[in-house]
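First up is the structure itself, then whatever we jot down about it.
The values are calculated or read from the model by the stated rules, or taken from the named source; none is laboratory data. For clarity, every value in this text was computed on a predicted model and none was experimentally measured. With ideal geometry, Cβ positions are generated from the backbone for all residues, glycine too; neighbour counts draw on all protein chains shown. Protein only, heavy atoms only, side chains kept; ligands, DNA and RNA dropped before computing areas. Shrake-Rupley method; radii C 1.70, N 1.55, O 1.52, S 1.80 Å.
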Amino acid sequence: MNRIDQRFAELKERGETAMIPFLTIGDPSLQASLELILEMERSGADLIELGVPYSDPLADGPVIQRSSERALQSRITIFDVIDVARQARSRGSKLPFILFTYYNPVLQIGLERIFRTMQENEISGIIIPDLPLEEDSETRAIAESFGIHLIPLVAPTSNERVQRIASEARGFVYCVSSLGVTGERSEFFGGIENFLSTVREAAHVPIVVGFGISNREQVQRFEKLCDGVVVGSAIVRSIESALHHFEEDAAHPAGLQQIGSFVGQLKGK
């Protein structure tokens, strides 16, 4: 069974909602990213999105853009990101890993090669925010042949499109809480409950919400409406604020504790 499916089944049995942190791999270094993954797992993360640094991240706000810029200064590639997942496994990580990447790096490498490499390194899913439903059939078929879920993003647009995306989803449906780019928000659009209800009715897999969620109060609000919550920009900002620790030592206790405590707080531990 795919690790994503297994983890959601376990969480459902326990009556829990998945906490899904996002981090940009290579910010501030590959070793620091590895230590952060392990710390997040210890602190209550249920799945982790591994962000591939990209020079033109159209779906991302300024916080994640800055993290990509920092990582790209070290020429981090998609293979580096996958290797961090391999190292995390070798250190005992059991979490499902989800690659978050734009389509161009995947296309340049080739679909067969990238999904084979992901399978060999136990990465369970992939999110490609700039690959629309109308153009994803080949990518989806190859991903599925390697046992990897191509996880769709669905935004609050037309009901017909929402239902089509949700009904064909694998792994989970990533529901975008607000139109626009990633980034912390104090408010979400007024129809969020109805939107999530529409996705829930159409989907045969868990539904997850992300974009803009940054504190325990917001997580608690969405826990009642979905099966998982993604927190990205707020975690990346916390890493940014702890950069001086990680520059001294990739496994700096104070830096790891700062991020781990935040993830634990979001999870409600």
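A compact table of results
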read-out	value
The stretch 125-269, dipole about Cα centre (Lys/Arg Cβ +1, Asp/Glu Cβ -1), debye to the nearest 20	520
Among PRO152, PHE195, VAL230 - extreme Cα towards positive end, dipole of the stretch 144-269, charges at beta-carbon	PHE195
Sorted peptide list for 156-169, 130-143, criterion being average Cβ within 10 angstrom, highest first	156-169, 130-143
TYR103 - accessible surface, heavy atoms, 1.4 Å probe, Å² rounded to 10	50
J(HN,Hα) series, the stretch 82-90, from Karplus relation 6.51 cos²θ - 1.76 cosθ + 1.60, nearest Hz, glycine and proline x	5, 5, 5, 4, 4, 5, 4, 4, 5
Where the stretch 145-269 is the region considered: accessible area per residue in Å², 1.4 Å probe	44
Helical mean residue ellipticity (222 nm; -39500 (n - 2.57) per DSSP H run of 4+; nearest 500) of the chain	-14500 deg cm²/dmol
Net charge dipole size for the chain [Lys, Arg +1 and Asp, Glu -1 on Cβ; Debye, nearest 20]	500
Cut-off 13 Å between beta-carbons: net charge of the residues surrounding LEU30, Lys and Arg +1, Asp and Glu -1	-1
Computed E for PHE79/ARG221 - FRET, C-beta separation, R0 30 angstrom, nearest 0.05	0.20
Sulfur and carbon atoms: percent of accessible area, the stretch 1-120 [1.4 Å]	45
Environment charge of LEU256, counting only residues whose C-beta is closer than 10 Å and scoring Lys/Arg +1, Asp/Glu -1	-2
For the stretch 46-131: relative contact order, % (alpha-carbon pairs under 8 angstrom, 6 or more apart)	39
Volume in Å³ per residue [convex hull over Cα atoms, computed for the stretch 137-269]	141
Rounded accessible area per residue of the stretch 1-73, 1.4 Å, Å²	39
Bridge type composition, the chain - antiparallel percent by DSSP, nearest 5	0
